[in-house]
Each structure stands twice: as C-alpha cells, then as structure tokens.
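Just so you know, all these numbers are worked out from the coordinates, no wet-lab data involved. Not measured: the values here are computed from a predicted model. Every residue, glycine among them, receives a Cβ derived from its backbone with ideal geometry; neighbour counts consider all protein chains shown.
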Protein chains: 2
Amino acid sequence: MLIKYEILKETLEKILLSRNVLKEDAKSLAEIFANNSLDGVYSHGANRFPRLIEYMDKGEVNPTTKPNIELEIGSLCKMNGNLGIGPLNAKIAMDKACDLAKVHGIGLVMLGNTNHWMRGGTYGLEAANKGMIGICFSNTTANMPVWGGMDPKLGNNPLVISVPRSNGKHVVCDMAISQYSYGKVEQTRLLGKQLPYPGGFDSNGNLTCDPTELEKTKRFLPIGYWKGSGLSLVLDMMATILTGGNSVADITKLGDEVGLSQIFIAIDPSKVNSSDKTNNFVEKIIADIKSSIPVKENGEVYYPGELSAKTREENLEKGIPVVDEVWAKIQSLIK
Amino acid sequence: MLIKYEILKETLEKILLSRNVLKEDAKSLAEIFANNSLDGVYSHGANRFPRLIEYMDKGEVNPTTKPNIELEIGSLCKMNGNLGIGPLNAKIAMDKACDLAKVHGIGLVMLGNTNHWMRGGTYGLEAANKGMIGICFSNTTANMPVWGGMDPKLGNNPLVISVPRSNGKHVVCDMAISQYSYGKVEQTRLLGKQLPYPGGFDSNGNLTCDPTELEKTKRFLPIGYWKGSGLSLVLDMMATILTGGNSVADITKLGDEVGLSQIFIAIDPSKVNSSDKTNNFVEKIIADIKSSIPVKENGEVYYPGELSAKTREENLEKGIPVVDEVWAKIQSLIK
C-alpha cells in the first residue's frame, strides 16, 4: 500500500513516544526512518523499524541515553554512544564532525558503544546538507568469510562518501562491502529468482547466483573478491582502534547486532574553494559521466544518490510503498 | 634474473642522477622503486621505471621541481605538485599529513598538479612506519565505463588504507577500483590464460574472463559492479574539489597519465590510545581472521600487506626477480 510521508512519520513518532523516547528525539528519529523509506531505502526505513522497537523492548537499545564526549583534542572527538539509539547517535556524531571541520577544515568523530545506524546514507546527506564532504563507516556483525576462508569473519561494514551539490541533490555513495545483503538474497529467494550477478560460493565452491545455495553456505562475496575482503578488514581495524570499542569479532559474540563502532569524517570544502567553485567541479564531473554511451538503448548512467533523489520526489507525491505486513506490524506496535 | 636489492637501487639512482634529479631525491626515488619490486609489486617497481625516464625525457615529469604549499589552514594543507616526480611528491604529501596529524590528530593534504605515484601502498607504509593510520587515493586517466555505460569515463583511482603494527609488518590495503589492471589483463593474454574471475564485458555484453575480449571492448569491471562505479566517482570528485586540480576527464584529455590529483590523510592513534593498546586491537583482529577455516586444505587467509611483507623478506635474501628485457632496458638508460 501507499502511505503518505507525514502519516508514516507521525505513526512512527507516536510509537517511539510510547517507548519513552524523548519528545524531540522521537520526532527526529521518526523523520530518519520515514526519510529512508521516502528515498526508497525501505529495508532500513519502515521495514526495519519494528526491530528497533524489539531491541528497545529487550533493553538492548536504551531509548533515553545520549552519547557523551570522552575526549576532544584538535580535530578529533571520541564519543561513547552509551548503547543509545543508533541513528540519533550517528546524527549527533556527524554533526559534531561538521562542527570540527568548520574550525579545523576536517573533523573526525569516533563513536564507540553505539547501535545500528540503519541507512548510512542518512549521515552522508546530513554532512552534504551542511555543504560538507562526509565520510563515515560502521562495523557490523560477521557476515562474510575472509578471502580464502569458509566461515564468516568479516562485517559488511557499510562505507559512505557524500559530496554536496548546491541544488540539494547530493552525491551519496552508500555501500556495504558485501556484494549483496542477507535481505536482498532472502528477497530474491522468496521471489523464486536468481541474483543478477554471483553473490557468493555454492556447496561445491563455485560462484553462484542461487540465493538458496548462498543461504546454505553463508559464503557471501565481498565486492571485488579479495579486494573487498581487505577493505572490510581495515575499516573494522580503524573503527576498533579509534573508538576503543567492539570489533566485528566482539560484536558477533554478542548475538544481536549491538554495541557497534563507527567513524564520522567531515571535510569543509569552503576552506579551499568558494561554494560556486566546488559546485562547478562536481557538475562538470557529473556532466562528463552523463555523456556516456549507454549500454541499453535510451539508457542512462546515474551518479550515486541520483535514483534516491528521484524516488524521494515520487514517493513524496504519490505516497511511500509499504508492504502490507510491515504496515500491520507497525500498527500493532502502537500502545 | 635475480638482482640484489642494493644493485637495483644503485643502478636506478645512477640513471636518475644522469637525468638531473637532485642527489638526495635520486637516492630516495631509487629506493621507492627498488622497494616496490622488493615487495613483489614489480608492475610499479623496476618494470615501470623506464616509463618515468621516458616521461622525464619528454618533459612531462619535471625532475627538479618540488611541491609548494599553497594554503595551510587548521588540519588542511593544499600543495601544488608542479608536475614534479610523482612518488617524491606523494611522499612529501604523506609526511606533511603525518606532521599535521601529530598536532591536530588528523591531517589532510591535497596535492594537485602531480604525477603518477607508482604504488599507492608506498605512502600507506610511509604513514604506518610513523605509527599513523594512513589513507590516500589518486585519480587516474579514464579506464572503466560508469555502470550502465559503454565507454571509459572512470579512473581506477587507487585507494590505500594502512594500519600500523609494532612489528613493522603493517596492514596495507592497496587497491585499484578496477577488478583487474590493464597490465594484469595483458599479462594473462600473453600467457594464453583466462582471468580467474570475470574482468568485464565481452562484445555480446556478457561477463567474460577472456583477456582478448576485454582488450577489445575496454569494458573493464569496477569492483562490486555498480558499487565500485560509485566509489570511483566520489573519489575523483573529492580529489578534484579539494586539490582544485584535474579530474579524471581532464587527465584523459591530456593523453599521457600526468597532472593527477591526490589526497593524503593521516590519523594519529596515539591521541586516543597507548601504542600497546592500538597494537593489541590490531593483533586481536588479525588473530581472529587467522582462525578462519581455510577453503583449501592447509590453506591460510592473509591480512592485506602480509604477502608483500613475506615477499620482501624472500627477495631481500635471494634477490629480486627482474624480467630479462626489463633489466636490459634499464641498463640501456644509463648514460
């Protein structure tokens, strides 16, 4: 069904308030979830909301704690997320990185002991809306083998890089280091389809597009095979060293995906260019890729974040597609 | 043939001195090239040295200019590479980023108007040897299509992330955003072999492991298909905006791969941890991945940079493998 943005936001806000989330936080958090669905990232919007409430009800996500600053030195700030609400913690961390960047040109916030941030792109957009280049990444529970290994040891550790555009349609590259998410593989299986490109190894050790085989072997592929394997590992190392928090291996031992380590970097391009000049650089590069010869007749190539921005406009006008079962589940959470 | 490290270094140094490279620079540059071959990165060591000399002889690489600082503000420093020697410029830039990190916790150097840095891992190691986390990337000439496009528009824009270890065997993830380099594809064709995994699309638009087809279509794959396509693009945007230098499209118009834009970031973990604590985090993560169940009987998984460190030890003892033709070519450059 199609749900209007305002209705979705208000519904989520009401549920959050019933879980003792502070008034202002409930508003901000409902907006983050609703925006994720608005942008077409349903998996980390409305679809995922019930799990946050479940974790709150289990006491794994504390609805009222706030991050506190443990150390601030130069361009660095170390925060303890106090196992609070992941998206709110992450927003505070990226805002702080932007504040540091305004002063020093670049700001780095290390957020340990936090929870799932949902869609990483949210914080890329947060930085871009302030005219900043944003870089952030999170570790996760182990869900991919190291290259050459059989058993999951690596997180899919999402990595986000955003570049601001003056028209607000920012460039946001938001990618997990796994080729496909567990959710995408499950969805493909439920639809009785095959993945468009191999997502991992089957029981015979061959690359496979078959979601059933993948769910059996759990040998999910990192992007670029050995390359993504290395990238995932160094992201976890950086996150763990700098936050002093949990590594992928530590998180995996906890069972549920909680107590994560996250890094937020903002860079202020106004320190080196006028905003017009920065924008011109970006627009020239976009124009160049848009001049590509498309593979499909009348096809088009997109910059990262372009399709989300298009979906945003469409969903704002027509309403947000929400699966019936998800909407029923959300309704059932209203106390 | 096998060439002793000292002999390789002295030979390269002699050639550089004959091209008016300053005494100290010749020593440092010869060492960088010799170290790349020592670590097994032959493609960007001895094999590539003749091309640097060619570019010097053509006047595209200036053997005597140095980078100058155009702007220094907070944790940021913007440098003009003045089309000098790429590896020396990059080393100076990473050293400056480390100096800034010592003061501010993090340092960012934006190096425009520079030349090919050869092996990006060199500057990751440079940071790690100073106890720093290093991040750097470069743009390149266009050599991959955007996802959904036919013609090369993206650079393979190498990205390097290094994490220091107290035993000096640092973790260095050094990856181009293309699945395979042009050099690897050519080498595979010359050996009459197929690539181990698909490297791009063939003339029918299907994924292929055939190097001959790939060289024909030039539709090289980015890592993770659409993901690497987006990542390559945002790296180019960041490099171009911050340096104010050439984008991938600009470089491509120049013909030879010169006038590049590069970013160097150093983070000082001693601002948040004792070096023992930092090292413990890294060792725990390495121990965890080493406990993987290997795919091959008696197999092993490696952290990024591990095999280079092993090769370094072997080549230092036994001598560095240099292809006969390459050695003859280098000899011919001695004036």
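General remarks:
- Neighbour cut-off at most 10 other Cβ (10 Å), DSSP loop, GluC sites (Glu not before Pro), the range A:234-310: A:Glu297
- Here B:Asn273 yields copy-to-copy label distances, from shortest upward, of 3.5 nm, the label point defined as 7 Å from Cα along Cα to C-beta.
- Per-residue Karplus couplings for the range A:143-152, computed as 6.51 cos²θ - 1.76 cosθ + 1.60 with θ equal to phi - 60°, are listed in order as 9, 9, x, 5, 4, x, x, 9, 9, x Hz, Gly and Pro entered as x.
- Label point 7 Å beyond Cα along the C-beta direction, distances from A:Met1 to other copies (nm, shortest first): 8.0
- Evaluating 6.51 cos²θ - 1.76 cosθ + 1.60 at θ = phi - 60° for every residue in the range A:195-202, the Karplus couplings come out as 5, x, 9, x, x, x, 9, 8 Hz, glycine and proline recorded as x.
- Built amide H within the under 5 Å cut-off of A:Ile320, gap 5+: A:Ile3, A:Lys4, A:Tyr5
- Cα-Cα separations in the range A:74-172 greater than 17 Å, expressed as whole percent: 55 percent
- Derived scalar couplings ³J(HN,Hα) [the range A:291-299; Karplus, 6.51 cos²θ - 1.76 cosθ + 1.60; whole Hz; x for Gly, Pro]: 7, 4, 7, x, 5, 9, 4, 6, x
- Placing unit charges on the Cβ atoms only, positive for Lys and Arg and negative for Asp and Glu, gives the protein assembly as shown a dipole magnitude near 300 debye about its Cα centre.
- Only beta bridges with both residues in the protein assembly as shown are counted; by DSSP, about 90 percent of them are antiparallel.
- In the range B:134-235, a dipole from Cβ-located charges (positive for Lys and Arg, negative for Asp and Glu) runs towards its positive end, and of B:Leu195, B:Trp147, B:Ile177 it is B:Ile177 whose Cα lies farthest in that direction.
- Averaged over the residues of B:296-309, the number of partner chain Cβ atoms lying within 10 Å of the residue Cβ comes to 3.
- A label point on B:Glu54, set 7 Å along the Cα-to-Cβ line, lies at 6.0 nm from each of its counterparts in the other copies, closest listed first.
- When chain B is treated as a GNM with alpha-carbon contacts under 10 Å, the residue of B:Ala34, B:Ala249, B:Ala97 showing the greatest mean-square fluctuation is B:Ala249.
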